[in-house]
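Undergrad: Next up is a structure, given as structure tokens.
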Amino acid sequence: MPDNRHPERPHDLVLFGATGFAGRLTARYLAAHAPTDCRVALAGRNRDKLAAVRAELAVIRPAWTELPLLDADIEDPASLHRLAASTRVVVTTVGPYLRYGEELVAACAEAGTDYTDLTGEPEFVDRTYVRHHATARRTGARLVHACGFDSVPHDLGVQYTVGLLPEGAPLRIDGHVTTDARFSGGTLASALDAFARAPQMLHAARERRRVEPWPADRRVSTPTGGIRRVPLLDCWAVPLPTIDPQVVARSAAALDRYGPDFRYRHAAAVRHLPVAFGGVAGMAGLVAAAQLPAFRRALTSRLSSGEGPSEERRARSTFSLRFLAEALTDRGPRRVATEVSGGDPGYDETAKMLAESALCLAHDELPALSGQLTTAVAMGPALTDRLTRAGLRFRVTHTGR
């Protein structure tokens, strides 16, 4: 495989989009936690705004007073290709990615540059696989989407759980999400775009299925199912229409450790049944309303893409992902329950996950793989170890038959 480390490039990591809400949080995390020898730069189209962010970061890390600022604009493909060629890893928070992201993915794939983002947009991920996976395989680039709350804790949490179960057995894992966090205007815009493009999303998924290898001797499934009672957790499970099950399925398809017959279901954990039905009805209404351009404009205008919850609100927010797993062995079922938990998932923890993903690609010994990969496949236990040291909790809550 081509050498992907590129030590001769002037930067180890470039953050594109540091002036946005999620980008600023990611930049602050890097300033507080990046190794002293990590060569970081900021990129964007407005140098004055980048300089203001750099001044904020210099308060955290005085050595970053002269942090390099690079000119890059999504409407100038040549600038994105210069950016990709200047660094070993690109980290981008510039979304919605379906509108603004593909040219940067293309530039990284062609330059053999590792790439991470925060997308939760299935259509974007499927499109970039079809168009750029083969190039990245050839050049040695690792293209790793969904490196925030979508979908790091889900993907790594399932991998952690699988590692606790017997090898070679059919596995059944159910994930249950609870959180009290709020989201920003950028997240809202991405969700509404996805809801409004259901036909295009299905078309992109079909195109990917035509070209993506899939194991012939193992089965991987992610059934949606309906609302169901979960006695062990004293809750109702409400299926979630997020990208997370797709990411988990691709990890399972790529890694033999997930067994010969792997099934994953993904849901929100809701304590009371009326709330569960209300949530389903509300989601259906939002999907229907998103088909109306006037509604999308009115709703997104209430929050700009650079706005999000306050620091005080984020400090009160938490998340928990509880996984109930079962291995179907010859001696009967083996069961384990695990949990991944942390603070504010949409922003503080997402910035941590994104930054640690980029640092992991830049500095850790990882599998010799390239192309479009999931976090579990590209980084796996190395990233889990990083996030554990950074404060996320991966733990076993129950074992038995």
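The values are calculated or read from the model by the stated rules, or taken from the named source; none is laboratory data. These numbers were taken from a predicted model, which means no experiment stands behind them. For neighbour counting, all protein chains shown are included, and Cβ atoms are generated from backbone atoms with ideal geometry for every residue, glycine included. The protein model used for the area step is the full one, side chains on, heavy atoms only, and it has no ligands, DNA or RNA in it. Shrake-Rupley method; radii C 1.70, N 1.55, O 1.52, S 1.80 Å.
Undergrad: Read through the list (1) part of a loop (DSSP other than H, G, I, E, B); (2) surrounded by fewer than 16 Cβ atoms within 10 Å (Cβ to Cβ); (3) within 22 Å of the chain's Cα centre (by Cα), then give the number of the only condition that T242 fails.
TA: (2)
Undergrad: Ok, one more. Within the stretch 202-226, work out how many residues are over 23 Å from P260 (Cα atoms) and at pLDDT 90 or above.
TA: The total comes to 6.
Undergrad: So, in the stretch 46-62, how many residues would count as being touching a strand residue (DSSP E or B) at 6+ places or on another chain (Cβ under 7 Å) and charged (D, E, K, R)?
TA: 2
Undergrad: Got a sec? Which of V220, V211 is of a type in the set (V, I, T) and touching a His at 6+ places or on another chain (Cβ under 9 Å)?
TA: V211
Undergrad: Additional query: Does the stretch 211-234 hold any residues that are under 26 Å from the mean Cα position of the chain (by Cα) and in a strand (DSSP E or B), and which are they?
TA: Within the stretch 211-234, R219, V220, S221 qualify.
Undergrad: Specify the residue that is farthest from E103 (Cα to Cα); the eligible residues are those in the stretch 62-75 that are open to solvent by less than 60 Å² (accessible area, probe 1.4 Å) and under 27 Å from the mean Cα position of the chain (by Cα).
TA: Per the criteria, the residue is L67.
Undergrad: Also, I was wondering about something else. Do we find that Y347 is modelled with pLDDT of 85 or more and more than 18 Å from the chain's Cα centre (by Cα) in this structure?
TA: no
Undergrad: Check the stretch 16-38 and report whether any residue there is part of a strand (DSSP E or B), closer than 28 Å to A136 by Cα and in contact with a Leu (Cβ under 9 Å, 6 or more places away or on another chain).
TA: yes
Undergrad: Mind listing just one residue for me: the one in the stretch 382-397 that is assigned to a helix (DSSP H, G or I) and hydroxyl-bearing (S, T, Y) and, of those, most open to solvent (accessible area, probe 1.4 Å)?
TA: T388
Undergrad: Across the stretch 330-379, which residue is nearest to G168 (Cα to Cα) among those that are of a type in the set (D, E, K, R) and assigned to a helix (DSSP H, G or I)?
TA: Among residues in the stretch 330-379 that are of a type in the set (D, E, K, R) and assigned to a helix (DSSP H, G or I), the one nearest to G168 (Cα to Cα) is E356.
Undergrad: Would you pick out the residues in the stretch 224-235 that are open to solvent by less than 60 Å² (accessible area, probe 1.4 Å) and either in contact with a Leu (Cβ under 6 Å, 6 or more places away or on another chain) or closer than 18 Å to L202 by Cβ (or both)?
TA: none
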